[in-house]
Structures are given as C-alpha cells and as structure tokens.
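A short worksheet on the structure shown next.
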Amino acid sequence: MKKMKKKTFLKLTAAAAAFLALLAVCIYTVFIRPALMNRETVIYMETRVQSGDLVQGIMENGSVEMAASSITYDLDISYDEEDDDDEEDDDEETSRYLEIEEVYVVQGQRMEEGDPLFKFTQDSIDGVRRNLENSVSEARVDLAEANTEYNTQAQTARSTYNSSLAEADTAQRTYDASMNNLQQQINLLYADIQVLQAEIDDWNKKLVDEDTLEEYDELKYEMERAKELLDETDTSSVAAYVANYADYQTARTAFEELDDLLQSYRDGIEENTLEIQEHNEEILEAQAALEQEEMLARQEYDSAVQSGSLAGDIYGYTLESLQDSVDEAQQALTDARELLADFEAFVGEDGVIYADGSGLITEIAYEAGDRLMTTGTMLSYATEDSYSITIDVSEEDIFHISVGDTVTIEMNAYPDETWEGTVSAITTSADSSYSATVNYPVTIHVEGDTSRLYGGMTADITFVTDSVENVLYVSSSAIVTGEDGSAGVYVEDAEGNMVLQPVTTGFSNGTETEIVEGLSEGDTIYIASTVSAGIDEAALRESGSVENDASGENEAENAGEEGGAGGNFPQMGGDLPQKEGAFPQAEGERPGRDMAP
C-alpha cells in the first residue's frame, strides 16, 4: 500500500509540474513575449558640428551631346545624262570623280589642325582636271555662239519694231471702216422694218374703215338675199330660176372679192409682223456682232496703237533678252573657271586634305577606294567648345533657372571630377503634352577641358538656387523640434546622460542645417533613433552611425525622410526649456548602449 501511495504521489507531482510548465508557457506566449516584442529602445549615433558652405540646389541628369563640325566636299561637278550613259567603264569613272587612295584617321581619334585626313589618287585628280578644263573650253564656244545669235536677232527685232510703227499709223482707219460697215447693215434692217410697219398700219386702217365694213355688210346681205330668192324659185320656171341664179352668182362674186381683199390685208399684216420679228432678231444679232466686232476691232486697234507706242520698249526688251543669253554664257564660262580654280585649291599640290580645326572625330563618310560622286560631308568632328547637355526641368523648379547661370556637372564616368557649365538655352514650351508632369528642356554648355568627354556620357547637373558661406552646420537629422517650433540637439553631459541643448537654426538645404547659436565647430552631438525589440541593433549602429574623422570632413547622413529630428527620433513632449539644466534626462547608459526613452 505504501508503494502504491508513493507511486500515486509521484504521478500527481509530475502532472502538477507539467501543468505549471504549460501554464508558464501560455503566460509567456500570451502576455510576456508580446510585451517584450513591443518594447522600443533608443540608440544614439555620434556626429560633429562642421563649418563650411551650405548649398541648396536642383539636381537633374542628362547625357552629353556634341555639335559636329565637318570637312565637306562642295565641288558640284555634274555631267549630262548622255555623258553618264556613254561613260560606264571603270577608267572613265575614275576620270570623272575623285577617288580616295588613303584615309589617315579613324573614328574616335582626336585630330589637330593641319593633320592629314584623306589622299586622292593622282589618276582621278588628272581625270577630273581634264574634264573641268574641257568644260571651260565648251563655255568659251557657247559664249561665242551667244554673241553671234545676239547680232543676228537684233536685226530681226529692228524689222519688227518698224512694222509695229506702220500698223499703228493705219489702226484708226481700219477700225472706222469696220464699224461703219456693221452699222450700215443694221440701218438697212431698220429701214425695212419701217416699210413693213407702214404697210401694216395701212392695212389695219382699211380693215376698220366704216365704208368698207358697210360695203362688206351690204354685199353679204345681197348675197344671202339672192341665195334665199334662188332657193325659193321653182325649178320648173326655168327663166326665173336662171335669172335668180345669175343674180346670186353676181352678188356672191362681189362679196367674195371684197372678203378676199380684206383677207389679203390680214395675211399681209401677219406676214409683215413675222418679217419685222425676223428683222428685229437680225438687228439683235447684228448689234451683238457689232459689239463683238467692235471689241475685237478695238483690241486690234489698241494692240496696234500699243505696239506702236511700245515698239521701242519691245525692241529694247528683245535686245535685253538676247543680252541675257550672252550674259548667261559669260557666267557659265566664269563658273567653269571658278570650279576649276576651286578644284585646284581643294586637291592642293599633293592631293591631300588636311584638318581645318581640332577635335574628336565622330564620323568618317568615306574609306579608301570610294569616289566623291556627290557633294556632302566627308568627315565630322566635335570641337572642345561644342559639348552640351539637355535636361528636363520641372515647372516647380524652372523659375530658379536663367540663361547664363553657372552649374556644376559631374560625369558618371569620372566620379571624382567636376566640370562647370553655363545655361545656354531654355525652351519655353513644355515637352510633356501626354504626361502629368510638365517639364521644360534646358540646354547646358559644357565649359573647360572636354578632351576626355564623349557623346552619350551620363552627367548630373546641379543648379545652385541658394547658399550660405562659412557657417556652422549639422546633419538635419540631429535637429529635434518642439511643438512650439524651438530646436535642440542631443549632447552628453558630465555624467554621460543624453540631454537636449537648445540651438538657433538658420539656412537648411534639407540634408544639413545651419547652427546660428548654441554650438561650436567640432562639438559632438548625437542623432537619436528608436528601434523595436528583435532588431539587430549592433548592425544598425554599424550601418547607420555617423563617424567624423579628425579633420571633420565626413558629413552626417540623413536618417529620416524629412527635416527636424527625422525618422523615429524621440520628440519633446512640449516646449523646450530655455534655461540650463531644465532639459529632460535620458535614463540609461553611455552612448552606444540601449537607452530607455
């Protein structure tokens, strides 16, 4: 029984121990571990007060561009298409164009003024020279022909001049005769119309004459009465019927004769009316023809008169045109002679082209064996004063920049060197039509020795917008700002505690801040930063701490994204005390160890 009780006691003890252990794990996990994880510590990184110049500026980047100068071939040696078809073999081509025998330079080489660049073959020089001399000879022949043409055509022009004067003398008589003939035709038509109208008027009177109308009615009545009497006569009474029939025929004949006469009047009126209409149309046509003929006759008259009055001018113009042909031939001869002289100057005495300036060769358009068949650039090079950089400056910064401003240039290829530049141009129209950011291209001219620069090199450009000289300054990350705007920095007191010392700040470029009062050059100050538990604080100190060398040349890094205390630096809970000894003390150990905030 004792053994059983002892075994039971041991089991209960073990169970209780296990329960307590589990309870301890739960309490640590739920309560203790989160509290430890949320605990923050403060580390202090050492830096020093420095003196020097502070500069605030705008930094942009761009690439080097080179404005090229060139060696050009500008001798316009052209040939007719017929000559091009006739001369196709290699020997003839050599005689027509300069051929490069040797190229003395390569792309990327720096040349000096007077360096040899190209050499031409002697055969091609001789061939082109012969062609140019032949062109001079042909131009002489053309000039002689132009002079002959001038003398011949001048005599013809004189004859034309005399003829124009004669036509002017007879122009008025010809015009008057033409107008009189047309007007006479119209007058005859008007006369016919008057006769026709007179006949119409006479016939109209007769048709409305009272005697005639009364006679017409009487004859008609007698004819109708005779017809009735004839119709009433008995045919058996032959003598009476014959007598009545004869009376009817007599009355009818008299009536029809008068009726036919009246109808002839009506027909005559209609015919005359139609004829008058035709004559009126003829008159209109004649008048239109008269106007047309008058216009043509007037034009001929005016032309003849003008030709006569301008005969001297026309004669002079003709002679001037002939003289132009002579002048063109003379100019062609002059051009041929000048082209020959330019060719001789181009090839020189030794057939070598020499550099006319110094610079970096950027392109060579020809190689040995090529022929100069067209004008153009043979070689391009950039002189030392032709380097520039174009950058885009935002609309927020562009008002800080003016043409003529001096800038600092750092080439990525030469990180330890700087160049100076000058703003040479600012484009006033934005280049970002399809972007939310508006930028303006600014061109920088690179000054100084550019012998080691190449096109396309990346460069950082710094525009100085504000600066102060010979001031004390600290890293902006070391400044602690109170709620009232007062500023202070952490320093170490005699007991090794971190205390805030009030300072007066001045100019700031965002990275460094000027100290107007409160510190001296070389003073040690501290940048405070909070870190959470679990972070490797030693590594943080090693990577983020700021150490100044003996000369104080190293600058403090900005530990925060903004000015003031920066990052997670502890802030004062109220206004900074202004009397000595009133700053809150940071409890804990010396700098570099964990300090409780």
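At 0.36 nm per residue, minus the direct Cα-Cα distance, what do residue 151 and residue 427 gain on full extension? Give it in nm, one decimal, please.
Values: separation 276, 0.36 × 276 = 99.36 nm, distance 6.21 nm.
So the extension gain works out to 93.1 nm.
Amide H contacts of residue 523: 49, each under 5 Å away and 5 or more positions distant or on a separate chain (H built 1.01 Å from N in the peptide plane; Pro and chain starts excluded). Net charge of the neighbourhood of residue 515, taken over other residues with C-beta under 12 Å away and scored Lys/Arg +1, Asp/Glu -1, is -4.
Relative protection proxy for 15-27, 271-283, 233-245, 380-392, from highest mean packing down: 380-392, 271-283, 233-245, 15-27 (other beta-carbon atoms within 10 angstrom). With contacts taken as Cα pairs under 8 Å at a separation of at least 6 residues, segment 194-321 carries a relative contact order of 32 percent.
Over segment 299-437, Cα pairs under 8 Å with separation of 6+ residues give a relative contact order of 12 percent. Treating r as the C-beta distance of residue 470 and residue 394 and R0 as 22 Å, the FRET efficiency rounds to 0.10. Translational diffusion of segment 327-482 was estimated from the Stokes-Einstein equation, with Rh taken as the Kirkwood radius over Cα pairs; at 10 °C and 1.306 mPa s the coefficient is 76 µm²/s. Each residue, residue 280 and residue 63, gets one label point 7 Å from its Cα in the Cβ direction; the gap between the two is 9.1 nm.
Packing, taken as the mean count of other beta carbons within 10 Å per residue, orders the peptides 510-523, 284-297 from highest to lowest as 510-523, 284-297. Non-local amide H neighbours of residue 401 (under 5 Å, H modeled in plane, Pro and chain starts lacking H): which ones? Under 5 Å from the amide H of residue 401: no residue qualifies.
A protection proxy built from the mean count of other Cβ atoms within 10 Å ranks the segments 453-463, 136-146, most packed first, as 453-463, 136-146. Electrostatic tally near residue 410: other residues with Cβ closer than 10 Å to its Cβ, Lys and Arg +1, Asp and Glu -1, net -3.
Read-outs: derived from the displayed coordinates by stated rules, not from any lab. Because the structure is a prediction, the values reported are computed rather than measured. Because the Cβ atoms are built from the backbone with ideal geometry, glycine has one as well, and the counts that use them run over all protein chains shown.
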